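Notes for the one structure printed next.
The values are calculated or read from the model by the stated rules, or taken from the named source; none is laboratory data. As the structure is a computational prediction, the values presented were derived from the model and not from experiment. Don't worry about glycine lacking a Cβ; one is built from the backbone with ideal geometry, like all the others, and counts go over all protein chains shown. The protein model used for the area step is the full one, side chains on, heavy atoms only, and it has no ligands, DNA or RNA in it. Shrake-Rupley method; radii C 1.70, N 1.55, O 1.52, S 1.80 Å.
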Amino acid sequence: MLEPSLPPETRVAFVPALHPPDEAPRAAEWFAFRGDRLLVRPDGDRAALLDYSELRAMGVDFEAGHYLGRLGDTDCYAVELDAALTLPSETALEGLRALYGRLPDDQYAVGGRAVQILLWDQTHRFCGRCGAPTVNAPAERAKLCPRCGLLSFPRLSPAVIMLVQRGDELLLARNRAFAEGFFSVLAGFVEPGESLEDAVAREVREEVALDLRDIRYFGSQPWPFPHSLMIGFTAQYAGGEIRPQADEIVEAAWFSRGGELPRLPGKLSIARKLIDWFLSQD
């Protein structure tokens, strides 16, 4: 039996697609990025996308945009802002982390897709095998090399993230990259030839020298920082003493469900959803 997955969220259905409609859409949203920062109009604790007419007045090259699909009745596009464009004074370029909770959830999710498509487009303009310029494949989201035929799809890096529990305790650790006092569950990238469950067991063994049992799927989350897919699991402690991996983990410890917890990840992350799920159990 699988663990409960992430709680369902009420969202407008997004339907991904490669080709825009034949007729001009009645409504469209343009996700305009410069690098990994989205152009928005800040409004207190909220933010809004710019509309087509505002982007056109700036001189945005819409022909270089990418069609993403349809969010409800609205067609969505991604476009890269040229460095020479002058941005209106009332606008700002902001990273997606800073925009969480300030854009509508549906727009935020599409923005995460948009920035990954643009990054892929920027980094696959030449064939990685023969060096020839690539073109967009006609029938799928891929770059095609006309010379050697190599197809290059948008990069996606699967990573496992796992909550390890021992009775009414959960394992939390502080990575060397974390701020002082900040703890989270363990995570790591999946290696070639490895199953997700094998990756969970290996990462925990490498990072804290513990053995696991009863590894169960929890849920997943796209994580566009820059192109990860986080795949969440729960697992039961099976043995061993905590020995942090010296070059990666500063400290790790068991924390009880009813006790005081350290500083935790924000609500945006599946790490926090795993922790909150554990804390909600009787």
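The listed residues Leu274, Leu87 rank as Leu87, Leu274 when sorted by accessible area, largest first, using a 1.4 Å probe.
Over region 20-158, accessible surface divided per residue gives 54 Å², non-protein components excluded, 1.4 Å probe.
DSSP finds beta bridges in the chain, and of those with both partners inside it, around 75 percent are antiparallel.
A probe of 1.4 angstrom, applied to the heavy atoms of all protein chains, finds Trp277 with accessible area near 40 square angstrom. Scaled against the 2.2 N^0.38 Å expected of a compact globular protein of N residues, the Cα radius of gyration of region 138-282 reads 1.19.
Simple spin-label estimate for Phe182 and Arg97 gives 0.6 nm between the two label positions (7 Å along the Cα-to-Cβ direction from each Cα). Using C-alpha pairs below 8 Å separated by at least 6 residues, the relative contact order for region 61-106 is 27 percent. Shape analysis of region 71-197 yields a ratio of the Cα radius of gyration to the Kirkwood radius, Rg/Rh, of 1.06.
Computed from the C-beta positions of Arg272 and Arg147 and an R0 of 45 Å, the FRET efficiency is 0.45 to the nearest 0.05. Per residue, region 176-282 exposes 50 Å² of solvent-accessible protein surface, assessed with a 1.4 angstrom probe and all protein chains in place. When Phe14, Phe183, Phe153 are compared by accessible surface with a 1.4 Å probe, the order from highest to lowest is Phe153, Phe14, Phe183.
Can you give the relative contact order of the chain as a percent, counting alpha carbon pairs under 8 Å and 6+ residues apart? Computed value for the chain: 16 percent relative contact order.
Under the convention that each Lys and Arg Cβ holds +1 and each Asp and Glu Cβ holds -1, the size of the dipole of region 17-122 around its Cα centre is about 300 debye. Phe178 exposes around 70 Å² of accessible area when a 1.4 Å probe is run over every protein chain in place. Rg and Dmax over the alpha-carbon atoms of the chain stand at 21.6, 63 Å.
Roughly to the nearest percent, how much of the accessible area of the chain is carbon and sulfur, given a 1.4 Å probe? After summing per-atom areas, the C and S share lands at 51 percent.
In this structure His124 has an accessible area near 50 Å², from a 1.4 Å probe over the protein heavy atoms.
Rounded to the nearest 0.05, the FRET efficiency derived from the C-beta distance between Val135 and Ala48 at R0 = 41 Å is 0.75. Once C-alpha pairs closer than 8 Å and six or more residues apart are averaged by separation and normalised to the residue number of region 170-236, the relative contact order reads 20 percent.
Heavy-atom accessible area, probed at 1.4 angstrom with all protein chains present, ranks Arg174, Arg141 as Arg141, Arg174, highest first.
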